[in-house]
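One structure is given here, and the rest of the page talks about it.
The values are calculated or read from the model by the stated rules, or taken from the named source; none is laboratory data. Everything quoted here is computed from the prediction, not taken from an experiment. So basically every Cβ, Gly included, is an ideal-geometry build from the backbone, and we count neighbours across all protein chains shown. These accessible areas exclude ligands, DNA and RNA; they are computed on the full protein's heavy atoms, side chains included. Shrake-Rupley method; radii C 1.70, N 1.55, O 1.52, S 1.80 Å.
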Amino acid sequence: MSALDVTDAPELLRDDEVPLSRRGPAATRDVVAFGFWLFLLSDIVIFATLFAGYAVLSGQTAGGPTGVQLFDRGRVLLETACLLTSSLTCGLCALSCVRRNTAATYLWGAVTFLLGASFIALEFSEFARLIAQGAGPTRSAFLSAFFSLVGTHGLHVTLGLGWLMVMMAQVTTLGFRPMIIRRLLCFSLFWHTLDIVWIGVFTIVYLGAR
């Protein structure tokens, strides 16, 4: 069997070039888009649940430190700047991919990765500082909710960085095939969603600390 196996051939053809016997009920790009939006909605439901839990438990400090006493808003502002700037560079990376500009795709992908990694490093150092001060997730319900919400977001960003590395490797090995462009656009949607969630975290958790 040739390298263009049955599972790969439709990705290399336009929808009107795929044989009738192998066409689905909808175009591949429509199925991918619909499935990925469902995935993003499920993620939003998870974060909505965590936000609701934090709203209920944010005042339950069990006599321990409050958010105002613990949070370094200057550091958090730097984290926010890194992540929001990475949203811009991620968009530029996606546009470069659509235009099949290899050098620009690598450049903006690398900048996005560095900004995202900087965000994770800052967040990890914040968690380490809090735990060293005795304000770990077991100290109070407030801190449990805080670590759950912010930690889940950080985990998503970390997974996103891994996804970005895989996408850059696929661009290198497979080029700008339609399936690669679709995957990179899906990654871009995922990354922008994390930015939107972080705006909520920054506003509710850090600016709203009491």
Seminar exercise, completed: Within the stretch 173-204, residues in a loop (DSSP other than H, G, I, E, B) and surrounded by fewer than 15 Cβ atoms within 10 Å (Cβ to Cβ) come out as Gly175, Arg177
Exercise. Considering only residues of the stretch 59-78 that are in contact (Cβ under 8 Å) with a residue 40 or more places away in the chain and within 27 Å of Gly116 (Cβ to Cβ), which is most open to solvent (accessible area, probe 1.4 Å)?
Worked result: Arg73
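Given the criterion among the small types (Gly, Ala, Ser), assigned to a helix (DSSP H, G or I) and either buried (at least 18 other Cβ atoms within 10 Å of the Cβ) or modelled with pLDDT under 95 (or both), identify the matching residue among Ala81, Ala110, Ala55, Ala117.
Working: Ala81 fails: either buried (at least 18 other Cβ atoms within 10 Å of the Cβ) or modelled with pLDDT under 95 (or both); Ala110 fails: either buried (at least 18 other Cβ atoms within 10 Å of the Cβ) or modelled with pLDDT under 95 (or both); Ala117 fails: either buried (at least 18 other Cβ atoms within 10 Å of the Cβ) or modelled with pLDDT under 95 (or both).
The unique qualifying residue is Ala55.
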